[in-house]
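Contents: one structure, followed by commentary.
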Amino acid sequence: MDIVGRGFIAKHSLEYFGARHPETTLIAAGVSGVHVTDAEAFGREAELVYGVLHRCRAEGRTAVLLSTASAGMYGAADSSGTEDGPVFPLTPYGRHKLALESVCATSGARWLVLRLAHIVGCGQQQHQLLPSLTHQLLAGRITVHRGASRDLLGVGDMLALFDALLTGRVHNQVVNIATGRPEPVTHIIDELERRLGTNAKRDFVDMPAKHAIVSTAKLRSLVPGLDRFGFGSRYLSALLDQHSVELTSMAR
(Lines give C-alpha, C1' and ligand atoms only; values in the text may rest on other atoms or scores of the structure.)
Protein backbone atom coordinates (compact mmCIF):
# COMPACT_ATOMS: atom_id res chain seq x y z
CA MET A 1 0.00 0.00 0.00
CA ASP A 2 1.14 3.52 -0.81
CA ILE A 3 0.57 5.60 2.33
CA VAL A 4 0.65 9.38 2.19
CA GLY A 5 1.45 10.79 5.62
CA ARG A 6 3.55 10.07 8.70
CA GLY A 7 1.06 10.54 11.53
CA PHE A 8 -0.84 8.24 13.89
CA ILE A 9 -2.99 6.37 11.36
CA ALA A 10 -0.27 6.38 8.71
CA LYS A 11 2.20 4.65 11.04
CA HIS A 12 -0.30 2.03 12.15
CA SER A 13 -1.36 1.46 8.53
CA LEU A 14 2.22 0.95 7.38
CA GLU A 15 2.80 -1.62 10.13
CA TYR A 16 -0.52 -3.39 9.45
CA PHE A 17 -0.53 -3.51 5.64
CA GLY A 18 3.13 -3.48 4.62
CA ALA A 19 3.25 -4.30 0.90
CA ARG A 20 -0.29 -5.66 0.69
CA HIS A 21 -2.91 -3.91 -1.47
CA PRO A 22 -0.24 -2.34 -3.70
CA GLU A 23 -2.89 -0.79 -5.98
CA THR A 24 -4.21 1.38 -3.14
CA THR A 25 -3.12 4.85 -2.00
CA LEU A 26 -4.22 5.85 1.50
CA ILE A 27 -4.34 9.58 2.21
CA ALA A 28 -3.44 9.64 5.90
CA ALA A 29 -2.26 13.23 6.10
CA GLY A 30 -3.87 16.61 6.55
CA VAL A 31 -6.13 18.08 9.23
CA SER A 32 -6.50 15.69 12.18
CA GLY A 33 -8.49 17.74 14.71
CA VAL A 34 -12.28 17.97 14.53
CA HIS A 35 -12.18 21.47 16.06
CA VAL A 36 -9.82 22.96 13.45
CA THR A 37 -11.13 26.05 11.62
CA ASP A 38 -7.91 27.12 9.86
CA ALA A 39 -8.70 27.81 6.20
CA GLU A 40 -5.02 27.51 5.25
CA ALA A 41 -4.80 24.04 6.80
CA PHE A 42 -7.93 22.99 4.95
CA GLY A 43 -6.45 24.38 1.74
CA ARG A 44 -3.21 22.42 2.14
CA GLU A 45 -5.13 19.20 2.68
CA ALA A 46 -7.34 19.88 -0.34
CA GLU A 47 -4.31 20.41 -2.59
CA LEU A 48 -2.80 17.17 -1.29
CA VAL A 49 -6.00 15.22 -1.99
CA TYR A 50 -6.33 16.73 -5.48
CA GLY A 51 -2.78 15.67 -6.33
CA VAL A 52 -3.34 12.10 -5.12
CA LEU A 53 -6.58 11.83 -7.08
CA HIS A 54 -4.89 13.03 -10.27
CA ARG A 55 -2.13 10.47 -9.79
CA CYS A 56 -4.52 7.62 -8.97
CA ARG A 57 -6.65 8.41 -12.00
CA ALA A 58 -3.59 8.35 -14.27
CA GLU A 59 -2.22 5.12 -12.78
CA GLY A 60 -5.48 3.22 -12.27
CA ARG A 61 -5.09 3.15 -8.48
CA THR A 62 -7.68 3.38 -5.68
CA ALA A 63 -7.50 6.56 -3.60
CA VAL A 64 -8.74 6.23 -0.02
CA LEU A 65 -9.85 9.35 1.84
CA LEU A 66 -10.24 9.38 5.62
CA SER A 67 -13.31 11.45 6.47
CA THR A 68 -15.28 11.79 9.70
CA ALA A 69 -18.31 10.22 11.34
CA SER A 70 -18.15 12.67 14.24
CA ALA A 71 -20.92 14.98 15.41
CA GLY A 72 -19.43 17.58 13.08
CA MET A 73 -20.68 15.46 10.19
CA TYR A 74 -23.71 13.68 11.61
CA GLY A 75 -24.80 15.86 14.53
CA ALA A 76 -27.65 17.76 12.84
CA ALA A 77 -31.12 16.87 14.08
CA ASP A 78 -32.24 15.80 10.60
CA SER A 79 -29.15 13.72 9.79
CA SER A 80 -29.88 10.03 9.32
CA GLY A 81 -26.39 8.87 10.21
CA THR A 82 -26.24 6.89 6.98
CA GLU A 83 -23.74 7.25 4.16
CA ASP A 84 -26.40 7.83 1.51
CA GLY A 85 -28.79 9.89 3.62
CA PRO A 86 -28.97 13.66 4.13
CA VAL A 87 -25.91 15.22 5.75
CA PHE A 88 -25.77 18.77 7.11
CA PRO A 89 -22.33 19.22 8.73
CA LEU A 90 -22.26 21.44 11.80
CA THR A 91 -18.58 22.40 11.84
CA PRO A 92 -16.00 23.78 9.40
CA TYR A 93 -14.13 20.47 9.70
CA GLY A 94 -17.24 18.47 8.79
CA ARG A 95 -18.03 20.74 5.83
CA HIS A 96 -14.40 20.49 4.65
CA LYS A 97 -14.45 16.70 4.75
CA LEU A 98 -17.80 16.49 2.95
CA ALA A 99 -16.42 18.74 0.20
CA LEU A 100 -13.39 16.48 -0.25
CA GLU A 101 -15.69 13.46 -0.45
CA SER A 102 -17.50 15.12 -3.35
CA VAL A 103 -14.20 15.80 -5.12
CA CYS A 104 -13.31 12.11 -4.82
CA ALA A 105 -16.67 11.03 -6.24
CA THR A 106 -16.32 13.21 -9.34
CA SER A 107 -12.55 12.88 -9.88
CA GLY A 108 -12.61 10.05 -12.39
CA ALA A 109 -10.30 8.01 -10.14
CA ARG A 110 -11.32 4.84 -8.34
CA TRP A 111 -11.96 5.91 -4.75
CA LEU A 112 -13.14 4.89 -1.29
CA VAL A 113 -14.16 7.21 1.54
CA LEU A 114 -14.03 6.02 5.15
CA ARG A 115 -16.03 8.10 7.60
CA LEU A 116 -14.22 7.33 10.84
CA ALA A 117 -15.41 7.36 14.42
CA HIS A 118 -13.00 8.63 17.11
CA ILE A 119 -10.02 6.33 16.62
CA VAL A 120 -8.08 5.20 19.70
CA GLY A 121 -4.57 3.74 19.76
CA CYS A 122 -0.95 4.05 20.82
CA GLY A 123 0.90 7.11 19.59
CA GLN A 124 -2.06 9.48 19.24
CA GLN A 125 -1.49 13.21 19.16
CA GLN A 126 -2.06 14.97 22.46
CA HIS A 127 -5.04 17.00 21.22
CA GLN A 128 -7.01 13.87 20.38
CA LEU A 129 -9.75 12.68 22.69
CA LEU A 130 -8.21 9.98 24.86
CA PRO A 131 -4.82 11.68 25.46
CA SER A 132 -6.60 14.98 26.13
CA LEU A 133 -8.95 13.45 28.70
CA THR A 134 -6.12 11.51 30.31
CA HIS A 135 -3.89 14.55 30.77
CA GLN A 136 -6.77 16.58 32.23
CA LEU A 137 -7.55 13.79 34.68
CA LEU A 138 -3.92 13.53 35.72
CA ALA A 139 -3.86 17.32 36.26
CA GLY A 140 -6.79 16.93 38.65
CA ARG A 141 -9.39 18.95 36.78
CA ILE A 142 -11.40 18.19 33.64
CA THR A 143 -13.91 20.11 31.52
CA VAL A 144 -16.98 18.07 30.59
CA HIS A 145 -19.60 19.09 28.05
CA ARG A 146 -22.84 17.98 29.62
CA GLY A 147 -24.67 15.35 27.55
CA ALA A 148 -21.76 14.77 25.13
CA SER A 149 -21.03 11.30 23.76
CA ARG A 150 -18.35 9.78 21.53
CA ASP A 151 -18.10 6.65 19.40
CA LEU A 152 -14.64 5.21 20.15
CA LEU A 153 -13.02 2.63 17.88
CA GLY A 154 -9.66 0.94 18.29
CA VAL A 155 -7.17 1.59 15.49
CA GLY A 156 -6.57 -2.15 15.09
CA ASP A 157 -10.27 -2.76 14.52
CA MET A 158 -10.44 0.19 12.12
CA LEU A 159 -7.59 -1.26 10.04
CA ALA A 160 -9.11 -4.75 10.04
CA LEU A 161 -12.39 -3.32 8.72
CA PHE A 162 -10.52 -1.28 6.10
CA ASP A 163 -8.62 -4.41 5.08
CA ALA A 164 -11.88 -6.34 4.69
CA LEU A 165 -13.31 -3.64 2.42
CA LEU A 166 -10.22 -3.67 0.20
CA THR A 167 -10.17 -7.47 0.08
CA GLY A 168 -13.82 -7.36 -0.97
CA ARG A 169 -12.92 -4.84 -3.70
CA VAL A 170 -15.29 -2.21 -2.35
CA HIS A 171 -14.75 1.10 -4.12
CA ASN A 172 -16.56 4.23 -5.28
CA GLN A 173 -18.49 4.23 -2.01
CA VAL A 174 -18.64 6.07 1.32
CA VAL A 175 -18.56 3.73 4.32
CA ASN A 176 -18.97 4.50 8.03
CA ILE A 177 -16.25 2.86 10.13
CA ALA A 178 -17.64 2.97 13.66
CA THR A 179 -19.13 0.85 16.42
CA GLY A 180 -22.52 2.55 16.09
CA ARG A 181 -22.58 2.73 19.89
CA PRO A 182 -21.72 6.22 21.22
CA GLU A 183 -20.61 6.27 24.85
CA PRO A 184 -21.44 9.16 27.20
CA VAL A 185 -18.27 11.14 27.84
CA THR A 186 -18.98 10.91 31.57
CA HIS A 187 -18.81 7.11 31.28
CA ILE A 188 -15.54 7.31 29.36
CA ILE A 189 -14.13 9.54 32.11
CA ASP A 190 -15.34 7.13 34.81
CA GLU A 191 -13.56 4.26 33.09
CA LEU A 192 -10.37 6.27 32.64
CA GLU A 193 -10.36 7.37 36.28
CA ARG A 194 -10.75 3.79 37.44
CA ARG A 195 -7.66 2.77 35.47
CA LEU A 196 -5.59 5.83 36.37
CA GLY A 197 -6.54 5.86 40.04
CA THR A 198 -7.57 9.52 39.85
CA ASN A 199 -10.56 11.52 41.06
CA ALA A 200 -10.48 14.81 39.19
CA LYS A 201 -12.78 17.77 39.74
CA ARG A 202 -15.30 17.98 36.89
CA ASP A 203 -16.24 21.39 35.49
CA PHE A 204 -19.49 20.87 33.59
CA VAL A 205 -20.23 23.13 30.64
CA ASP A 206 -23.78 23.44 29.32
CA MET A 207 -23.72 23.43 25.54
CA PRO A 208 -26.18 22.20 22.93
CA ALA A 209 -25.42 18.50 22.83
CA LYS A 210 -24.55 17.24 19.35
CA HIS A 211 -25.50 13.57 19.26
CA ALA A 212 -24.23 11.59 16.30
CA ILE A 213 -25.81 8.16 15.93
CA VAL A 214 -23.78 6.52 13.17
CA SER A 215 -25.37 3.76 11.13
CA THR A 216 -23.29 0.62 10.67
CA ALA A 217 -25.85 -1.12 8.45
CA LYS A 218 -23.80 -0.60 5.28
CA LEU A 219 -20.60 -1.72 7.00
CA ARG A 220 -22.38 -4.84 8.24
CA SER A 221 -23.56 -5.64 4.72
CA LEU A 222 -20.02 -5.25 3.31
CA VAL A 223 -18.10 -7.01 6.08
CA PRO A 224 -19.61 -10.40 6.96
CA GLY A 225 -19.11 -11.43 10.58
CA LEU A 226 -18.98 -7.90 11.98
CA ASP A 227 -20.20 -9.25 15.34
CA ARG A 228 -16.76 -10.77 15.94
CA PHE A 229 -15.45 -7.29 16.69
CA GLY A 230 -17.59 -7.18 19.83
CA PHE A 231 -19.12 -3.76 19.32
CA GLY A 232 -21.41 -4.07 22.33
CA SER A 233 -21.71 -2.92 25.92
CA ARG A 234 -18.26 -4.27 26.89
CA TYR A 235 -16.32 -2.82 23.97
CA LEU A 236 -15.23 0.40 25.71
CA SER A 237 -13.88 -1.45 28.72
CA ALA A 238 -11.97 -3.90 26.52
CA LEU A 239 -10.60 -1.05 24.40
CA LEU A 240 -9.30 0.87 27.40
CA ASP A 241 -7.81 -2.30 28.88
CA GLN A 242 -5.84 -2.75 25.63
CA HIS A 243 -4.28 0.67 26.21
CA SER A 244 -3.81 0.39 29.96
CA VAL A 245 -0.02 0.31 29.59
CA GLU A 246 0.02 3.59 27.67
CA LEU A 247 -2.40 5.16 30.17
CA THR A 248 -0.21 4.04 33.05
CA SER A 249 2.87 5.53 31.36
CA MET A 250 1.08 8.89 31.16
CA ALA A 251 0.45 8.71 34.89
CA ARG A 252 4.16 8.44 35.72
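Data table
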| item | result |
| --- | --- |
| Percent of Cα pairs exceeding the 31 Å cut-off, where the set is the chain | 22 percent |
| Region 25-125: projected area of the alpha-carbon convex hull, averaged over directions, in nm² | 6.6 nm² |
| Calculated log₁₀ intensity ratio I(q)/I(0) where the Debye formula runs over C-alpha points of region 117-252, q = 0.11, 0.15, 0.17 Å⁻¹ | -0.44, -0.77, -0.95 |
| Efficiency of FRET from Cβ geometry, His135 and Asp38, R₀ 35 Å, rounded to 0.05 | 0.95 |
| Antiparallel content of DSSP bridges confined to region 102-252, in %, to 5 | 15 percent |
| Residue-normalised accessible area of the chain, expressed per residue, 1.4 Å probe, Å² | 47 Å² |
| Selected from Ala46, Leu112, Val144, residue furthest toward positive end of dipole (the chain; charges at beta carbon) | Val144 |
| Dmax and Rg, reported as Rg then Dmax, of region 58-97 (C-alpha, Å) | 12.5, 41 |
| Whole-Å distance, taken between Cα centres, linking region 161-216 and region 96-132 | 14 Å |
| Debye, to nearest 20: dipole size of the chain, +1 on Lys, Arg Cβ, -1 on Asp, Glu Cβ | 160 debye |
| Region 15-37-region 44-66 distance, computed between alpha-carbon centres (Å) | 12 Å |
| Potential lengthening between Asn199 and Gln126 on full extension [0.36 nm per residue; Cα-Cα distance subtracted] | 24.2 nm |
| Computed log₁₀ I(q)/I(0) - Debye formula, equal Cα scatterers, no solvent, region 137-189, q 0.24 Å⁻¹ | -0.95 |
| Contour minus Cα-Cα distance for Tyr50 and His211 (0.36 nm per residue) | 54.8 nm |
| DSSP bridge orientation in the chain - percent antiparallel, rounded to nearest 5 | 5 percent |
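The values are calculated or read from the model by the stated rules, or taken from the named source; none is laboratory data. Bear in mind that the values here come from a model prediction, so they are computed numbers and not experimental data. Using ideal geometry, Cβ is built from the backbone for each residue, glycine included, and neighbour counts are taken over all protein chains shown. What goes into the accessible areas is simple: the full protein's heavy atoms, side chains included, and nothing from ligands, DNA or RNA. Shrake-Rupley method; radii C 1.70, N 1.55, O 1.52, S 1.80 Å.
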